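Report on the following structure.
What follows is calculated from the coordinates using simple rules that are stated; it is not laboratory data. A quick note: this is a predicted structure, and the numbers were derived from the prediction, not measured. Virtual Cβ from ideal backbone geometry, glycine too; neighbours counted across all protein chains shown.
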């Protein structure tokens with residue numbers, strides 16, 4: 001991702017946020033995300049799986065938003081399961097579900113052989129968790145420093161990892177059943193992670209000349 005592409009995504013994120021989230025304190029949260037204290041717009045989404053490059057977290061958040069919007073727009077989902085949520089709730093859940101990954105990764109260097117077989121130092125991301133409060137629950141905790149979350153939003157963000165997390169499967173199942181937005185967000189998160197940002201998607205980007213870099 002080029003810096004120009006990242007800045008365009010940042011502008012898109014801010015626009016969607018301002019157009020949909022009006023809750024008390026939302027402006028302060030956005031101000032914090034844009035401040036020098038936050039690396040939200042430049043952080044990766046992971047160390048090696050999906051979005052492992054500068055701006056990966058930003059791109060992932062927008063991808064999840066697009067996937068969640070699409071899923072919740074389906075007539076069957078609305079009529080059979082009653083999944084009808086405000087644009088504000090959708091934006092909050094999707095754009096902020098992984099806010100816990102802000103200030104979570106650092107760049108380090110390791111030795112690796114280049115194409116010529118020579119050793120050189122290459123950058124890579126590693127986890128530096130200075131606030132070990134979990135994952136989804138950490139995002140909920142951080143958001144509520146600034147603004148109130150409705151119960152459905154909080155549970156959706158808390159359980160967006162679904163059965164991929166370390167929690168008891170029965171507990172996860174009950175949460176997804178009781179709070180349909182959690183199921184929808186989990187579905188959107190998986191779609192974005194595996195189909196839009198996974199290995200196959202990245203291989204296609206690389207083949208098209210869009211290889212990602214830490215630089």
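Observations on the structure shown:
- Degrees between helix 169-178 axis and first principal axis of the chain (Cα, 0 to 90, nearest 10): 50
- Between 0 and 90 degrees, the angle of helix 56-72 with respect to the longest Cα principal axis of the chain falls at about 30 degrees.
- Dividing the C-alpha radius of gyration of the range 1-120 by 2.2 N^0.38 Å, with N its residue count, gives 1.29.
- Gaussian network model of the chain, springs between alpha carbon atoms under 10 Å - residue of 11, 59, 191 with greatest fluctuation: 11
- Per-residue packing, averaged as other Cβ atoms within 10 Å, sorts the ranges 97-106, 76-85 into the order 97-106, 76-85, beginning with the highest.
- For the range 105-150, the equivalent ellipsoid built from the Cα gyration tensor has semi-axes of 39, 9, 7 Å, listed from largest to smallest.
- Residue with peak Gaussian network fluctuation, the chain [Cα springs, cutoff 10 Å], from 58, 185, 149: 149
- Alpha-carbon centroids, the range 12-52 and the range 82-160: separation in whole Å: 10
- Helix-derived mean residue ellipticity, 222 nm - over the chain, DSSP H n ≥ 4, -39500 (n - 2.57), to 500: -15000 deg cm²/dmol
- Among 45, 26, 182: highest mean-square fluctuation, GNM of the chain, C-alpha pairs under 10 Å: 26
- Derived from the Cα gyration tensor, the three semi-axes of the equivalent ellipsoid of the chain are 30, 19, 18 Å, largest first.
- Nearest 10 degrees, 0 to 90: helix 87-96 Cα axis against the chain principal axis: 30
- Contact order for the chain, expressed relative to its length and based on alpha carbon pairs under 8 Å spaced 6+ residues apart, stands at 23 percent.
- P(r) tail for the range 45-111: Cα pairs beyond 15 Å make up 60% of the total.
- Here the contact order of the range 1-99, divided by its residue count and restricted to Cα pairs under 8 Å and six or more residues apart, works out to 27 percent.
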